[in-house]
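K.L.:
The structure is given below, and queries will be raised subsequently.
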Amino acid sequence: MNKLIATLVSTLFASAAFAQAPATPVTPAPATVKAEVKAEKKVAKAEKSEAKVDAKADAKVHKAEAKAEADKAKAHAKAEKEKAKAHAHTTETKADAAADVKASTTK
């Protein structure tokens, strides 16, 4: 029992002495700091480049969408024109047929 108490007391004193020892400040090596700064610059440059690529891709998408919308409107207008032309031709044909019927019945 005495040995146990002696061990506990000595451990207590050792830990107290260790806790009061002045801690040496840990300063990173200058090479490490330079490497970190260099890496941060590379990351920033890569992010800037990626943002530029994204902007170009967005511009291409918007341009393609605008062109598709214009092509769609042009095709729609052409279809409407063809539809009107066909309708006019049908109406003209019906009028001619009615005139032919009327002409043939009056003789």
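The values are calculated or read from the model by the stated rules, or taken from the named source; none is laboratory data. Just so you know, these numbers come straight off a predicted model, no measurement behind them. Virtual Cβ from ideal backbone geometry, glycine too; neighbours counted across all protein chains shown.
K.L.:
May I ask you to list the residues in the stretch 60-107 that are among the polar types (S, T, N, Q) and either in contact with a Gly (Cβ under 6 Å, 6 or more places away or on another chain) or surrounded by 10 or more Cβ atoms within 10 Å (Cβ to Cβ) (or both)?
P.N.:
At the first step, the residues of the stretch 60-107 found to be among the polar types (S, T, N, Q) are 90-91, 93, 104-106.
Hits for the stretch 60-107 are Thr90, Thr91, Thr93.
K.L.:
Would you pick out the residues in the stretch 27-47 that are modelled with pLDDT of 90 or more and among the basic types (Lys, Arg)?
P.N.:
Lys38, Lys41, Lys42, Lys45
K.L.:
Could I ask something else about it? List pairs: first residue in the stretch 48-72 and modelled with pLDDT of 95 or more, second residue among the aromatic types (Phe, Trp, Tyr) and surrounded by 10 or more Cβ atoms within 10 Å (Cβ to Cβ) anywhere in the structure, Cβ distance under 9 angstrom, at least six positions apart or on different chains.
P.N.:
Pairs that qualify, where the first residue is modelled with pLDDT of 95 or more and the partner is among the aromatic types (Phe, Trp, Tyr) and surrounded by 10 or more Cβ atoms within 10 Å (Cβ to Cβ): there are none.
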